[in-house]
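Let me begin by presenting the structure, written as structure tokens, before commenting on it.
Nothing in this text is a laboratory measurement; each read-out follows from the coordinates by a stated rule. Source: prediction; values computed, not measured. Note that we place each Cβ from the backbone using ideal geometry, even for glycine, and neighbour counts take in every protein chain shown.
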Amino acid sequence: DAKVVLITGCSSGIGLSLAVRLASDPQKAFKVYATMRNLSKKERLLESVKGLHKDTLDILQMDVTSQQSILEATARIVEKRIDILVCNAGVGLMGPLEVQSLESMRKILEVNLLGTIQTIQAFLPDMKARGKGHILVTGSTGGLHGLPFNEVYCASKFAVEGACESLAILLQHFNIHVSLIECGPVNTDFLANLQKAEVGDVCQNLDKQTLALYEKYLQHCDSVFQNSAQDTEDIVKVFQDAIQSPNPAFRYFTSDVVPPLTKLKVTEPDGSRMTKRTTPIFFRAMLEMSDTHSLKFLRGSTKRTSSNPRRNFINLVAPITTRKVE
Ligand code: NAD
């Protein structure tokens with residue numbers, strides 16, 4: 001029997017790629033319910049599957065912030081069960097904290113945190129009753145360590161970590177696996193879709209120092225996405241590994257080393273290196289960012305420079321932490 005998969009946020013990016021890949025499985029091992037908030041955006045997904053997958057793909061409307069919409073989608077699942085739930089829908093919010101409106105902050109938390117939890121709530125009773133299931137959540141390195149000018153986004157993704165970790169402890173008693181797929185920068189519409197404070201616009205009343213740091217951060221961000229973002233295909237492979245594993249891990253990293261800033265939390269739990277020594281990474285001007293060490297630093301290198309992960313970590317950290325803090 002094909003495994004029934006439901007994915008949220010499939011109109012673009014990681015959700016779209018994952019839906020296409022699973023629906024194209026040559027063994028037809030999956031029946032995919034690709035859900036999206038706005039069905040008028042389904043063309044991209046339909047073009048990607050080229051009409052070949054009528055029996056393995058269904059597209060449903062689902063806004064993760066609306067319980068009604070989740071219930072209506074659930075009612076349209078022919079098999080009356082979901083084996084694999086992928087909570088992927090998410091949005092970003094970037095800019096100095098003092099310019100963010102309560103409304104925009106609420107929206108991020110509603111989609112990223114409550115949307116994820118609400119979706120899980122909808123499918124949990126049935127998975128528990130059947131004593132099986134796999135819940136996968138698109139996590140972010142921004143849910144594992146702080147990123148300046150992303151306070152609310154990070155708060156939402158940290159919160160998702162807490163919710164998933166708590167659930168994972170309980171759900172092992174029901175043979176339900178929970179897996180977080182922790183992504184660094186990925187080439188998707190994420191940057192275009194995120195709510196970003198524009199320098200010349202909302203930042204008019206901002207103090208000069210914050211504005212200067214924000215401009216540097218935006219350059220850093222562009223540079224990181226241009227030079228070291230992964231493709232959705234890389235992320236989809238990690239999802240596939242997790243989905244196919246008989247004993248899935250709780251956390252998967254999409255590049256082959258744990259991001260160094262995440263490691264710093266474990267190796268130096270007082271947080272002083274994390275807060276003070278990261279300034280040169282986030283706030284250096286664009287030209288200085290040509291240093292590939294620091295570009296790879298944030299998400300971890302895709303290629304190991306040494307077979308010893310500890311050595312590799314030192315290689316990555318050393319050139320940055322010895323630099324003078326501006
Ligand atoms: P994306 O913007 O292409 O995809 C996000 C999808 O979520 C969109 O299709 C959007 O329409 C959908 N969405 C937003 N609000 C929704 C709602 N209320 N209900 C249903 N769907 C909704 O970007 P992406 O990179 O593919 O993002 C997917 C996930 O990956 C997000 O959770 C994001 O936080 C996470 N992530 C992305 C990156 C990155 O650099 N792209 C890095 C780490 C984590």
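Residue-by-condition table, conditions (1) crowded, with 18+ Cβ neighbours inside 10 Å; (2) more than 15 Å from the chain's Cα centre (by Cα); (3) small (G, A, S); (4) assigned to a helix (DSSP H, G or I):
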residue	(1), (2), (3), (4)
A212	no, yes, yes, yes
E215	no, yes, no, yes
C221	yes, yes, no, yes
V224	yes, yes, no, yes
N227	no, yes, no, yes
V236	yes, no, no, yes
D241	no, yes, no, yes
Can you report the number of residues in segment 42-101 which are touching a Cys at 6+ places or on another chain (Cβ under 9 Å), within 13 Å of the ligand (Cβ to nearest atom) and part of a helix (DSSP H, G or I)? 1
Positions within segment 173-203 being part of a loop (DSSP other than H, G, I, E, B), within 16 Å of the ligand (Cβ to nearest atom) and surrounded by 15 or more Cβ atoms within 10 Å (Cβ to Cβ), in sequence order: G184, P185, N187, T188, L194
Kindly list, by first and then second residue, each pair from a residue in segment 178-190 that is under 10 Å from F250 (Cα atoms) to a residue that is among the aromatic types (F, W, Y) and within 8 Å of the ligand (Cβ to nearest atom), limited to pairs with Cβ atoms under 8 Å and residues at least 6 apart or on different chains. none
Where a residue in segment 1-18 is without any contact (Cβ under 8 Å) to a residue 40 or more places away in the chain and its partner, wherever it lies, is within 10 Å of the ligand (Cβ to nearest atom), with Cβ under 6 Å and at least six apart: S11/M36; S11/K41
State the number of residues belonging to segment 21-37 that are within 13 Å of the ligand (Cβ to nearest atom) and either more than 18 Å from C87 (Cβ to Cβ) or in contact with a Cys (Cβ under 8 Å, 6 or more places away or on another chain) (or both). 3
